[in-house]
Each structure stands twice: as C-alpha cells, then as structure tokens.
1. With runs of 4+ DSSP H residues as the only contributors, calculate the mean residue ellipticity of the chain at 222 nm using -39,500 (n - 2.57) per run, divided by the residue total and rounded to the nearest 500.
2. Measure nothing fancy, just the Cα-based angle from helix 13-26's long axis to the longest principal axis of the chain, in degrees from 0 to 90, nearest 10.
3. Which residue, VAL170, MET159, THR203, has the largest displacement toward the positive end of the dipole of the chain when charges sit on each Cβ (Lys, Arg +1; Asp, Glu -1)?
4. Using the Kirkwood formula over every pair of different C-alpha atoms, what hydrodynamic radius in Å results for the range 133-175?
5. Using a probe radius of 1.4 Å on heavy atoms only, what accessible surface per residue do you get for the chain? Whole Å² is fine.
6. Where nothing but the Cβ of Lys and Arg (+1) and of Asp and Glu (-1) is charged, how large is the charge dipole of the range 133-211 around its Cα centre, in debye to the nearest 20?
7. Under a 10 Å cutoff between Cα atoms, tell me which one of GLY150, GLY179, GLY169 has the largest fluctuation in the Gaussian network model of the chain.
8. Any idea what the relative contact order of the range 130-186 is, in percent, if you count C-alpha pairs under 8 Å spaced at least 6 apart?
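The values are calculated or read from the model by the stated rules, or taken from the named source; none is laboratory data. On a predicted model such as this, the values are computed, not experimentally measured, just so you know. All Cβ positions, glycine included, derive from the backbone under ideal geometry; neighbour counts span all protein chains shown. Note: accessible area is taken over every heavy atom of the protein model, side chains too, but ligands, DNA and RNA are not part of it. Shrake-Rupley method; radii C 1.70, N 1.55, O 1.52, S 1.80 Å.
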Amino acid sequence: MSQLGQRVSGLCEESVEQQAYITRFLLDYTAVPLLGQTFLRGMLPTRDAVRIVAGAADAVAPNTLVAYEIPLVDDDDEPATAPMALGWARTLVSSNPAYSDASVMGMPLVRVDTSAVEPAPPARTDQVLRILRTLAWPDIETLPSPALCGFLLTGQDSMRLYVAVEEVGVIAADVRLTGALTALLAALPTLVREEERWTTDETDPHCVHTIDLTTW
C-alpha cells in the first residue's frame with residue numbers, strides 16, 4: 001500500500017466518530033455564514049485532525065478557499081468538541097487574510113495551534129440552530145454505515161463525499177447535486193464497497209480510493 005493509503009486508511013474508530021460528529025454539527029454553516037460573507041465549503045478528514053474549508057457562498061476554486069486544520073485533541077488529550085471547532089474557525093476567519101506556506105488540493109492549508117487561538121463565543125444563530133437541531137434532529141448513538149466524515153463542494157453542481165468504510169478506510173464519492181439523488185443516496189452504501197469502481201486520486205490525501213458517481 002502507498003504512503004497515501006497508509007495515512008488515510010489508518011483512521012481509528014474514535015477519530016471517524018469524532019469527525020462525523022463535527023461534520024454533522026457544522027453542516028448548517030454551508031447555508032448560514034460562519035462569519036460575515038464566509039461560509040463552510042468543506043470538511044476534510046485527515047489523521048488526528050479535521051480540515052475546515054472556508055470561502056464565499058459560491059466559492060469552489062481552490063485558490064478562493066482556505067483549509068484550517070484543527071487537531072481532534074488538545075494538548076491535554078481532551079477531544080475537540082464541535083462548538084469549539086466552530087469557535088476556532090470563526091476566530092481564524094476573522095483574522096484573514098490567512099497566510100500559509102503549506103497547501104492541500106490547491107488550497108492554502110493553515111495548521112492551527114489551538115492553545116494559541118481563542119475560540120469565538122457562540123452567536124445567537126448558534127443557539128437557534130442548537131434548539132432546532134436538538135428537537136428536529138436528535139443525536140444518534142449509532143453512526144450510519146458508512147459514516148459521513150467529510151465533504152467538499154467541488155462545483156456548482158457537484159460535491160465530494162468522504163465516507164468511512166470499515167476495513168477499507170475513507171472513500172471519496174463524487175456526486176452531482178441534481179438528478180436521481182434519492183436513488184443514489186439509497187444505493188451509496190453498496191456502491192462505495194464495489195471495488196471495481198475504485199480509482200486513486202493522488203491529489204487528494206484525505207481518502208484511500210475515489211469513485212465517480214456523477215453519471216450514475
């Protein structure tokens with residue numbers, strides 16, 4: 001197995017659960033601004049961290065996005081919570097323009113020292129979403145299989161889904177935002193396990209395999 005495959009397939013169950021939890025919590029911020037005119041454009045799973053991708057509401061070009069890498073645990077080995085990740089993201093977005101000499105998938109990559117960044121306090125919108133989410137979408141104890149542990153908006157009619165497949169690792173599925181979505185989502189757990197569909201994207205370090213379902 002390549003170094004890339006070793007890195008992403010080594011995600012432990014606890015990391016996948018935490019990434020899925022943070023991703024689920026932050027989904028609303030694809031439509032609600034993180035801050036000002038900046039929105040969530042992706043969540044990229046990587047070993048021991050999540051990468052929060054931020055940009056304008058319709059931004060998809062890598063040079064218009066920034067990825068902020070937030071560790072899953074702090075210096076005291078305490079897990080990062082989703083509200084903390086949101087608060088750190090807001091603080092980081094407010095300090096733009098972000099500078100980084102690293103990049104991932106063409107995006108500037110900012111590795112965050114959470115001990116040096118004060119998370120922004122919750123906004124009123126966060127409290128509204130918390131109440132509505134709790135009542136309409138209560139927490140689940142058992143994750144769906146495969147678990148959604150990230151995503152990236154890649155075009156005006158496309159996105160990449162990162163799902164954790166047991167005994168394989170993270171598989172990235174490219175899908176369209178239009179078409180037979182109900183059928184596709186129902187079939188996705190089976191499709192991502194069909195090895196004949198697997199390909200490799202050497203530019204994406206967040207997955208072991210990719211599958212193209214944009215024409216499914």
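1. Taken over the chain, the calculation gives -8500 deg cm²/dmol.
2. 60
3. Of VAL170, MET159, THR203, it is MET159.
4. 11.9
5. For the chain, the per-residue accessible area is 53 Å².
6. 340
7. GLY179
8. 23
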